[in-house]
1. Considering only residues that are within 16 Å of the ligand (Cβ to nearest atom) and either in contact with a strand residue (DSSP E or B) (Cβ under 6 Å, 6 or more places away or on another chain) or assigned to a strand (DSSP E or B) (or both), which ones fall in the range 78-112?
2. Counting only residues that are surrounded by 16 or more Cβ atoms within 10 Å (Cβ to Cβ) and either outside any strand (DSSP E or B) or within 11 Å of the ligand (Cβ to nearest atom) (or both), how many does the range 207-219 have?
3. Give the range 184-203 a look and list any residue that's over 9 Å from the mean Cα position of the chain (by Cα) and part of a loop (DSSP other than H, G, I, E, B), or say none.
4. From Leu177, Leu167, which residue is at pLDDT 95 or above and in a helix (DSSP H, G or I)?
5. What number goes with the only condition from (1) under 22 Å from Ile17 (Cβ atoms); (2) outside any helix (DSSP H, G or I); (3) within 16 Å of the ligand (Cβ to nearest atom) that Leu116 does not pass?
6. Applying the selection to the range 224-237, what residues are more than 19 Å from the chain's Cα centre (by Cα) and either surrounded by 14 or more Cβ atoms within 10 Å (Cβ to Cβ) or among the charged types (D, E, K, R) (or both)?
Amino acid sequence: MSHTQGELLYEGKAKRIFNVSGESQLIWQEFKDSFTAFNGEKKAEMKGKGQINRAIASLIFQKLKDQKIPSHWVADSGDIHMITQKLEMIDLEVVVRNVLAGSTAKKLGMAEGTALEKPLVEFYYKKDELGDPFISDDQALLLKTVRHDSDLQKLKDRALQVNAVMLKMFDEAGIRLIDFKLEFGYDSAGEILLGDEISPDSCRLWDKQTNEKMDKDRFRRDLGDVLENYQEVLNRLTK
Ligand code: UDP
């Protein structure tokens, strides 16, 4: 079924969100060519980025669908557009870690690259003005981020299922999945679906042979060849 782009609803840092004409339960997402980091303090435009991220996100959503893990993905439209189910988003960033990196390695006094015996799932409160702080489960309930207390466990279980599928997918592509961030929301039936995107913007991905970074840390830490690495991730996932 073909869909028609409706009016602009919202412009975010990495995406523009439109209605889908005549479809109240769908939205039309456009992946922009912009990079932002450190809560929007660092910015850049790189032509072709939206197309690469849309392609990677679609591949992952389709792989999850094959494994019966529901997400908002409905269809692709051209190079930079994706049609998704409309969700009422949960104000949590659900982070899964297989290997310690970045500020968490520092916080725990362990070296970046320390592999974890089992994956960690953590909740961060999605609030730009607070800098998305780490919060406990009880704080997540106090903030009424979810409709039912048991939904926090559902989010953790779902995040671990996604992790299992993605670990295999990236391993087969010669890439180590270090950590990543997911966002979830409620659909019109009240079901929890995976939303947002999964891409090198929201994952740490290291080359299996060299441990070279292939993700947004190249942008955050000025390592160069940002888009070349994103393209290489896509090439390996599709080869
Ligand atoms: N992440 C993200 N958006 C955010 C915060 C984190 O996509 O707003 C991703 C990030 O790319 C990384 C993972 O979530 O893959 C963990 O990020 P965090 O900032 O917690 O890293 P730390 O440096 O604390 O390990």
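The values are calculated or read from the model by the stated rules, or taken from the named source; none is laboratory data. Computed from a predicted model, the values in this text were never measured in an experiment. Positions of Cβ are generated from backbone atoms using ideal geometry, with glycine treated the same way; all protein chains shown enter the neighbour counts.
1. Within the range 78-112, Met89, Ile90, Leu92, Glu93, Val94, Val95, Val96, Arg97, Asn98, Val99, Ala101 qualify.
2. 7
3. Those that are over 9 Å from the mean Cα position of the chain (by Cα) and part of a loop (DSSP other than H, G, I, E, B): Asp187, Ser188, Ala189, Gly190, Glu191.
4. Leu167 is the lone residue from the list that is at pLDDT 95 or above and in a helix (DSSP H, G or I).
5. Only one criterion in (1) under 22 Å from Ile17 (Cβ atoms); (2) outside any helix (DSSP H, G or I); (3) within 16 Å of the ligand (Cβ to nearest atom) is unmet by Leu116, namely (1).
6. Asp225, Glu228
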